[in-house]
Amino acid sequence: MQTNRRDFLKQAALAFASSVLAGSLPRSLLAAPAEGMDGLVWHKAPCRFCGTGCGVMVGVKDGRVVAVQGDLENPVNRGLLCVKGYHAGVALYGKDRLTTPLLRKNGKLEPVSWDEAIEAIAREILARPATFGFYGSGQWTVIEGFTVMKFMKGGLGNNHVDPNARLCMASAVVGMTTTYGVDEPSGCYDDFDLADTIILWGNNPAEMHPVLWSRIIDRRAKGQKVEVIDLGTRRTRSTEEADHYIAFTPQGDLAIANGICHLLIKSGKYDKDWVTKHCNFRKGGDAEGEAMTFEEYAKWLETYTPEFVQKVAGVRPAQLQLLADRFADPKRKIVSLWCMGMNQHTRGTWINNLVYNVHFLSGKFAKPGSTAFSLTGQPSACGTCREVGTLGHALPGGRIVANEQHRKECEELWNLPAGRINPKPGHHAVSLFEALQKGEMTGCWVQVTNPAQSMPNLTGLTSKLRERFLVVSDVYPTATTDQATVVLPSAMWVEKNGIFGNSERRTQQWFKMIEPPGQARDDVWQVIAVARKLFELGHPGMKNKDGEFLFTYKDASGKPIELWKWEVFKQTNADQLLYAEYQPFTLMKKYSLAPYDELVKTRGLRWPVVKDQATGVWRETPRRFVEGEDPFVEPGRGVDFYWGKLKDHKALVWARPYEAPPEVPDNKYPFWLCTGRVLEHWHTGTMTRRVPQLHRAMPRAFVELNPEDAARLNISTGDRVKITSRRGELTLPAWINGRSIPNRGSVFVPFFAEESLINLVTLEAHCPLSKEPDYKKCAVSIAKV
Amino acid sequence: MAGLASLLLAADSPITTRSTVQVYTQPRSFAQPIRPDVLGTNITADRAFLGAPPVMPHTFAGDRDGRYCLECHARETRIEKRQQAIAPVPHAEFSQCQQCHVNGSDKTVGLFRASDFLGLDFPGKGTRAHPLAPPSIPHKTFMRDNCLSCHGPTGKQRIATPHPWRSQCQQCHVPDASKNYDRPLPWEELKGEL
Ligand code: SF4
């Protein structure tokens, strides 16, 4: 049975009246839209932007979003939003929304009907199915990602699906899977409320995860003591709240983490009990490695003396000792936070492993207030890319294509003939665009992202897209729609049903609140419509085991719902249908997502969500692997890494060495270049720049220099500065002592501005394990022009 | 040339030196002139819709450190000291001001692309039981703990209270539950019968 909002309200009202629920569900938790002044209706949704996953209340009047407020009932943000969240509704209303499908004819994009666009795409895929890829994003809803996975891996039979999340948290994923055998963090935001010390590893939450930052820093206003130690290559807004700023040389983080472990073991102040109970030791650079003993590990660490760390990381011995002392203090609760600084790193997997090492050796893990927490950039990088597994090598629910059993399970759950799923992993993001550049891949469908602006080394990776069959689903014209063969106008955020999964494993659902503009339609519908056309054209992969269309869902009377027809799709909650299909995929790896109806009722639930047999209540899991919280922990273990690589319920401490970055400053290119976001803008700015308040606050890109470097080069704020690397160049106005101050010898440029593409300059070198590129360091020269 | 000179003056001159480094405002586009009239501090605050955080209406010292904001906006006592009307912050429990209040001082910046957004308008007057009764509060009260932030002498004349010396506003003006959709009242949480 399907539920739309109105039905749900009716059911909710009935359920509330029944005595079973009345005792357990306060009315305010039902998340029912509330009607207020003059026809204004408020609905719950997660914010459209970052991985924090704040709850918003969206005010809708006369079919339009007119206001957005923080959701007081949402435990993530408790009513607060950052400036992007408040203005998420404004981002829907840029005058240049794409409202009709466009097809390139004689070199020009021209309006066409949906039928023509869908047919053109289907015919192209039919002609070259093996070399057609799909490139998506962590801004896909869970169901959008799942639909594409079924279409590509279950239908087309090639695995060339990868998301922009590859550029964002692939290193975090491989870090977790190599450390404790399964993706996603153990801790949760509640730990931020309890920690005595917060350590930022190349992280700037004041701008990137603002509401989480407030959650931490505003504790001080309540009289609580929170120490912040900022390890960085740039003094940021976060540094302003820090008790200690420890500047380090790019890539030096590897040495710092090993240096802390070395000091902990040398002084004997590591948590022997925790380590013995919960850890194995492993050496080697790859994902497999070899066993080693604790003694061998301790010996291996002896390289990482404070003097060595000072040499390669530029950190003073006293600073390293300060960090070691914090971890050695048995009473102190510590949370480490990181995001792109550690992930966009040519040794991203290693540095993720090493920070877990520090927390394991000190026993500061899986305890209230102590955890190592990898923040995610995008609103559903966790929910969609990682849990649904929209990656070249992955299948839904923590499975991989290379594993026969996993393929078999997916084929069964999708009702596909045996052997349908291709065992060969597909391209990862960088290699997908390399293959498109070379012509090895002939076409690609891009949804919810803008690779012609966000890929590294743009000249080398995206300059030939116009020659391929590029389909782009988006809401505004972008650098990527400029390259497209077909442009499909999409519904955005609350113009469609959706589900996002945030950084702390919280799955949040929302209902469609307004109609998309013009002929814009849901991405899920677009994929199903193309699949249907392929089915009609006779593509064998678009059939399930019974010869029915791949996306066959039936109504209560057993009649197939013709989802490929827009009129039918519009009347149907496809999210609910597809989620019912997806949810069983999540059980194998114990992700165990909540049923749809529970998501509807709540402000999201942190998985695993398991029904309490005694009370019938669905219980979320704040901390994973912790007895008493995680239902899958074996009683008596306390902490149970039940997916541990060696199947002995333990995690791995990895001996990963320091390694110099692939490109370091030299005489010709003497500066480090780091790139990133700013508070006001989301990614490539296609949405946030259309919000007047955000654009006015941050209208253009800039280059930040260290004041000493600037003085030496006679550069002051507003001067034109040319940045040149081995790959490209860009001229920008300088900003000295502005938003942030890069360490001496480094410069910073944000990537949101399409008229100032810093990715012409960046390097495509990537972590060999996670395939995530390093946007945070390459060598450039700086000249005032 | 005049444009460039004013750029260097306005954008480069340190406004305050509270921390060890000098603080500058954001870089303008190349040699874009700055209109002197947008540099004052008495420009009306601007917001996208009712409930949106107002943008900062004046240039401000130090993009990096939000604590500067509270130097002036922390308490009402500042109003007398400075001999100038400065809106006190209505939600003192939040310290990261610049997460929500971004710089909106440069009105010379045009739009990136035109927008069709129509924001929720101001709520109009609260209801009164009879002509002499105090009106109810016609909007949400979350994050609006200090009524005088908006209704005091620093706010818009149109909504200024005629009796700013009476500080216990909510003794007489009560929130209207229908406008406070997301702050559930205890009886809405009531489980079962009384
Ligand atoms: S912190 Fe992130 S999720 Fe929260 S309002 Fe800001 S952008 Fe949205």
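Do any residues in region A:680-696 that are under 18 Å from residue A:376 (Cα atoms) and open to solvent by less than 10 Å² (accessible area, probe 1.4 Å) have Cβ atoms under 6 Å from those of residues that are within 15 Å of the ligand (Cβ to nearest atom) and among the polar types (S, T, N, Q), where the two are at least six apart or on different chains, and which pairs are they?
Hits for this filter: A:681/A:688; A:682/A:688.
For region A:49-58, check the following and say yes or no: at least one residue is more than 21 Å from the chain's Cα centre (by Cα) and more than 7 Å from the ligand (Cβ to nearest atom).
yes
Read through the list (1) open to solvent by less than 20 Å² (accessible area, probe 1.4 Å); (2) under 23 Å from residue A:236 (Cβ atoms), then give the number of the only condition that residue A:776 fails.
The failed condition is (1).
Consider only pairs whose beta carbons are under 8 Å apart and that are at least six residues apart or on different chains; among these, list those whose first residue lies in region A:447-464 and is farther than 19 Å from residue A:344 by Cα and whose second residue is basic (Lys, Arg).
Close Cβ pairs satisfying both conditions: A:459/A:727.
Please tell me if residue A:250 is crowded, with 21+ Cβ neighbours inside 10 Å, farther than 25 Å from residue A:312 by Cα and touching a residue at least 12 places away in the same chain (Cβ under 8 Å).
No, not satisfied.
Tell me, which strands (runs of 3 or more DSSP E) lie completely within region A:66-173 with 2 or more residues that are in contact with a helix residue (DSSP H, G or I) (Cβ under 9 Å, 6 or more places away or on another chain) and open to solvent by less than 10 Å² (accessible area, probe 1.4 Å)?
Result: A:132-136, A:161-163.
Of these, A:584, A:608, A:631, which one is open to solvent by 10 Å² or more (accessible area, probe 1.4 Å) and either in a loop (DSSP other than H, G, I, E, B) or under 30 Å from residue A:79 (Cα atoms) (or both)?
Within the list A:584, A:608, A:631, the selection yields A:631.
Among the residues of region B:120-178, count how many are open to solvent by less than 40 Å² (accessible area, probe 1.4 Å), among the β-branched types (Val, Ile, Thr) and at pLDDT below 85.
2
I'm trying to understand the selection: among the residues of region B:96-119, which are open to solvent by 40 Å² or more (accessible area, probe 1.4 Å), more than 7 Å from chain A (Cβ to nearest Cβ) and either in contact with a strand residue (DSSP E or B) (Cβ under 9 Å, 6 or more places away or on another chain) or part of a strand (DSSP E or B) (or both)?
B:101, B:107
What residue, of A:301, A:337, is touching a strand residue (DSSP E or B) at 6+ places or on another chain (Cβ under 7 Å) and either open to solvent by less than 40 Å² (accessible area, probe 1.4 Å) or small (Gly, Ala, Ser) (or both)?
Exactly one of A:301, A:337 is touching a strand residue (DSSP E or B) at 6+ places or on another chain (Cβ under 7 Å) and either open to solvent by less than 40 Å² (accessible area, probe 1.4 Å) or small (Gly, Ala, Ser) (or both), namely A:337.
For every residue, the table says whether it meets (1) more than 16 Å from the ligand (Cβ to nearest atom); (2) outside any strand (DSSP E or B).
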| residue | (1), (2) |
| --- | --- |
| A:211 | no, yes |
| A:225 | yes, yes |
| A:230 | yes, no |
| A:242 | yes, yes |
| A:249 | yes, yes |
| A:258 | yes, yes |
| A:263 | yes, yes |
| A:288 | yes, yes |
| A:300 | yes, yes |
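Return the residues of region A:458-504 that are assigned to a loop (DSSP other than H, G, I, E, B), farther than 21 Å from residue B:115 by Cα and over 21 Å from the mean Cα position of the chain (by Cα); say none if nothing qualifies.
A:463, A:464, A:468, A:484, A:485
Under 6 Å by Cβ, and 6 or more places apart or on different chains, what pairs join a residue from region A:44-56 that is away from chain B (no Cβ under 12 Å) and under 15 Å from residue A:599 (Cα atoms) with one that is more than 6 Å from the ligand (Cβ to nearest atom) and assigned to a loop (DSSP other than H, G, I, E, B)?
Taking only residues 6 or more apart or on different chains, the pairs are A:53/A:76; A:53/A:502.
Looking at residue A:197 and the list (1) more than 16 Å from the ligand (Cβ to nearest atom); (2) open to solvent by less than 10 Å² (accessible area, probe 1.4 Å); (3) within 14 Å of chain B (Cβ to nearest Cβ), which single condition is not satisfied?
(3)
Considering only residues that are more than 11 Å from the ligand (Cβ to nearest atom) and modelled with pLDDT of 95 or more, which ones fall in region A:75-89?
A:75, A:89 - these are the residues of region A:75-89 that are more than 11 Å from the ligand (Cβ to nearest atom) and modelled with pLDDT of 95 or more.
Quick one: how many residues across region A:699-744 are touching a residue at least 40 places away in the same chain (Cβ under 8 Å), assigned to a loop (DSSP other than H, G, I, E, B) and more than 18 Å from residue A:774 (Cα to Cα)?
Count: 11.
Being open to solvent by less than 10 Å² (accessible area, probe 1.4 Å) and part of a helix (DSSP H, G or I) is the filter here; which residues of region A:387-410 pass it?
A:387, A:388, A:389, A:410
Looking only at region A:768-784, how many residues end up being on the phi < 0 side of the Ramachandran plot and either of a type in the set (D, E, K, R) or within 17 Å of the chain's Cα centre (by Cα) (or both)?
Qualifying residue count, region A:768-784: 8.
Being within 16 Å of the ligand (Cβ to nearest atom), farther than 28 Å from residue A:431 by Cβ and charged (D, E, K, R) is true for just one of A:689, A:739, A:720, A:712. Which residue is that?
None of the other options fit; the residue is A:689.
So, residue A:257, is that one within 14 Å of chain B (Cβ to nearest Cβ) and either buried (at least 24 other Cβ atoms within 10 Å of the Cβ) or modelled with pLDDT under 95 (or both) or not?
It is false that residue A:257 is within 14 Å of chain B (Cβ to nearest Cβ) and either buried (at least 24 other Cβ atoms within 10 Å of the Cβ) or modelled with pLDDT under 95 (or both).
The values are calculated or read from the model by the stated rules, or taken from the named source; none is laboratory data. This structure is a prediction, so every number in the text was calculated from the model and none was measured. Cβ sites come from the backbone with ideal geometry, for glycine too, and all protein chains shown count toward neighbours. When the accessible area is computed, the model is the full protein with side chains, heavy atoms only, and any ligands, DNA or RNA have been set aside. Shrake-Rupley method; radii C 1.70, N 1.55, O 1.52, S 1.80 Å.
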